[in-house]
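The values are calculated or read from the model by the stated rules, or taken from the named source; none is laboratory data. The structure presented is a predicted model; accordingly, all values stated were derived computationally and were not measured. Counting neighbours? That spans all protein chains shown, and the Cβs are built from the backbone with ideal geometry, glycine included.
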Amino acid sequence: MRATMRIVLRNLIVLALATALLSLTGYAAAQSSASYQLTKSVMSGGGTTSTSASYELTGTLGQPSPVEVSDSASFNLGSGFWGATVKLFTVAIESISYSIAEGVRVAWQSIAGASYTVYFTEDLMDVWTALSSFTGTGSLMEWLDDGAETGTPPTAAGILMRFYRLSGEQPTP
């Protein structure tokens with residue numbers, strides 16, 4: 001029984017020393033190999049939006065520490081899951097019309113110099129496919145789905161639904 005107590009005591013001492021040594025390092029280093037990489041990150045922010053009369057700041061729980069972009073001359077702060085900062089603006093499809101003779105026409109009011117991309121999918125649970133990209137003219141712009149880019153005209157037999165999305169990126173000054 002004494003021998004067993006000595007072994008248990010010795011193991012506890014070794015465990016305590018190992019814990020003390022590990023705690024002296026102060027941080028966990030990033031781990032990597034040819035197959036994987038674990039990077040050090042910090043849980044920061046929260047999943048909420050903070051607003052005032054002039055500003056809005058949206059955060060996501062679990063973003064890496066905000067080190068990526070910090071600008072000024074009217075602000076820019078980038079970090080986390082959202083990648084590089086882009087000045088946001090409203091992109092809205094104004095109308096979608098259907099004609100058996102032509103197909104589906106998507107129209108939107110553009111901003112001169114802005115970049116726009118039209119996407120489509122036939123199943124909202126599937127991936128969106130990027131189609132045409134345009135540079136805004138400052139006036140109403142249109143894109144026609146006649147099947148040339150999507151592979152099948154929307155008027156073809158068996159096409160029950162088709163969904164469209166428009167994204168835009170404001171021109172840099």
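The table below gives the values:
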| quantity | calculated |
| --- | --- |
| Any hit, the stretch 160-172, residues being under 19 Å from the mean Cα position of the chain (by Cα) and assigned to a loop (DSSP other than H, G, I, E, B) | yes |
| Cβ-Cβ under 8 Å pairs, at least 6 apart or on other chains, the stretch 130-152 side within 20 Å of Glu94 (Cβ to Cβ), far side hydrophobic (A, V, I, L, M, F, W, C) and in a loop (DSSP other than H, G, I, E, B) | Thr135/Ala114; Gly136/Ile111; Gly136/Ala112; Gly136/Ala114; Thr137/Ala112; Gly138/Ile111; Gly138/Ala112 |
| Residue check, Trp143 outside any loop (DSSP other than H, G, I, E, B), modelled with pLDDT of 90 or more and under 30 Å from Tyr55 (Cβ atoms) | no |
| Flag for Thr90 being part of a loop (DSSP other than H, G, I, E, B) and modelled with pLDDT under 90 | yes |
| Residue check for Thr85: surrounded by 13 or more Cβ atoms within 10 Å (Cβ to Cβ), of a type outside the set (Asp, Glu), in a loop (DSSP other than H, G, I, E, B) and modelled with pLDDT under 90 | yes |
| Members of the stretch 116-157 that are of a type in the set (Ser, Thr, Tyr) and surrounded by 15 or more Cβ atoms within 10 Å (Cβ to Cβ) | Tyr116, Thr117, Tyr119, Thr121, Thr150, Thr155 |
